[in-house]
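Comments concern the structure below.
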Amino acid sequence: MSQRPASLSALRRDVRSACARGDLAGLAEIEASLRDDPRAGARDLLLRCDRYRSRRSAEERRIFDLFALRRRCQAEGARLVAGVDEVGVGPLAGPVVAAAVILPESVDLPGLNDSKKVPREKRERLAGWIREQALGFAIGEVSPLEIDRVNILQATLEAMRRAVAGLPTQATPDHVFVDARTIPGLSMPQTAIVNGDSRDASIAAASIVAKVYRDRQVRELDAVHPAYGFARNMGYPTPEHFEALRAHGPCEIHRRSFRPVSDAIRGRLT
């Protein structure tokens with residue numbers, strides 16, 4: 001007695017599940033069961049599997065290309081290369097945060113990209129994966145008070161310096177890739193890469209780790225200062241934020257050296 005074929009609805013669920021997990025072995029088993037299945041729905045599922053494999057292959061090539069600059073640097077003698085990026089230069093409130101990340105030779109980070117190009121939910125998953133797989137990572141941050149004291153450019157560079165200095169001693173980099181900046185006070189060589197968070201995997205990873213860290217911190221600050229909508233605007237200048245500044249003035253995490261905040265203090269914010 002021949003075995004009854006699995007229902008197409010069950011097979012669709014299996015295909016969706018395997019694709020969501022990135023389970024290529026499981027997908028291959030499903031494809032094998034579909035090869036001799038004469039149903040039109042089975043043909044459609046095979047096409048879906050092929051499309052997934054094509055997308056997966058293209059993504060793997062994209063990730064491989066993101067390591068091209070690191071491979072070149074390592075060919076010139078570097079062993080460990082750290083990527084550094086910052087987030088929070090433009091907000092009116094909250095810290096500026098930088099991250100330094102050293103990735104291993106091979107990674108499993110599908111979707112790795114500039115943090116601005118990655119949706120929030122996926123960005124948070126990637127941040128967890130990066131922390132799990134990295135040979136070393138560290139956060140550097142500079143408070144609003146420090147920003148007011150030294151200016152935002154110097155505060156940004158200091159956050160980056162602190163991130164590199166915070167890397168574990170067993171993961172001290174031989175070279176540092178920085179997104180479009182040069183960090184003062186580093187003892188190792190560094191390379192400024194314009195649009196580095198879109199061109200280098202380590203900088204992209206640092207941008208994601210920094211963004212997720214700062215966003216979580218600002219959402220916590222929203223509970224302390226609920227009038228400003230920080231959980232929605234992350235401290236950036238928005239109409240809602242301006243209205244709150246006009247109504248309440250600045251709170252303790254606002255950057256008083258930034259023009260809209262200083263205008264609000266003087267009652268001149270329009």
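Values in this text are rule-based calculations from the coordinates and carry no lab data. All values reported here derive from a predicted model rather than from experimental measurement. Every residue, glycine as well, gets a Cβ built from its backbone with ideal geometry; the counts of neighbours run over all protein chains shown.
Figures for the structure shown
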| item | result |
| --- | --- |
| Per-peptide average of other Cβ atoms within 10 Å, ordering 80-90, 243-253 highest first | 80-90, 243-253 |
| Label-point separation in nm, Asp108 to Ala20, each point 7 Å along Cα→Cβ | 1.8 |
| Relative contact order computed over the chain (Cα-Cα under 8 Å; 6+ residues apart), in percent | 21 |
| Calculated from backbone phi, Karplus (6.51, -1.76, 1.60) coupling profile of segment 247-260 in Hz, x at Gly/Pro | 7, 10, x, x, 9, 5, 9, 6, 8, 6, 7, 8, 3, x |
| Gaussian network model of the chain, springs between alpha carbon atoms under 10 Å - residue of Ser115, Ser106, Ser202 with greatest fluctuation | Ser106 |
| GNM result for the chain, Cα springs below 10 Å: residue of Ala28, Ala68, Ala163 fluctuating most strongly | Ala28 |
| Virtual paramagnetic centre 7 Å along Cα→Cβ of Ala32, amide N under 13 Å, in segment 38-59 | none |
| Average Cα contact separation per residue, segment 68-220, under 8 Å, 6 or more apart, as relative contact order % | 35 |
| Separation of the Arg232 and Arg266 label points, Cα + 7 Å toward Cβ, nm | 2.9 |
| Linear extension gain, Leu186 paired with Arg51, 0.36 nm per residue minus alpha-carbon span | 44.0 nm |
| Segment 8-66, relative contact order [Cα under 8 Å, separation at least 6], % | 30 |
| Gln190 long-range amide H proximity, modeled H, under 5 Å | Val176 |
| Sequence ranges 52-59, 226-233, ranked by mean other-Cβ count within 10 angstrom, highest first | 226-233, 52-59 |
| For Gly136, residues with placed amide H under 5 Å, excluding near neighbours | Ile102 |
| Derived scalar couplings ³J(HN,Hα) [segment 193-202; Karplus, 6.51 cos²θ - 1.76 cosθ + 1.60; whole Hz; x for Gly, Pro] | 10, 5, 6, x, 6, 9, 10, 10, 5, 5 |
| Loop-resident sites, segment 79-147, for trypsin sites (Lys or Arg not before Pro), counting at most 16 other Cβ within 10 Å (DSSP) | Arg79 |
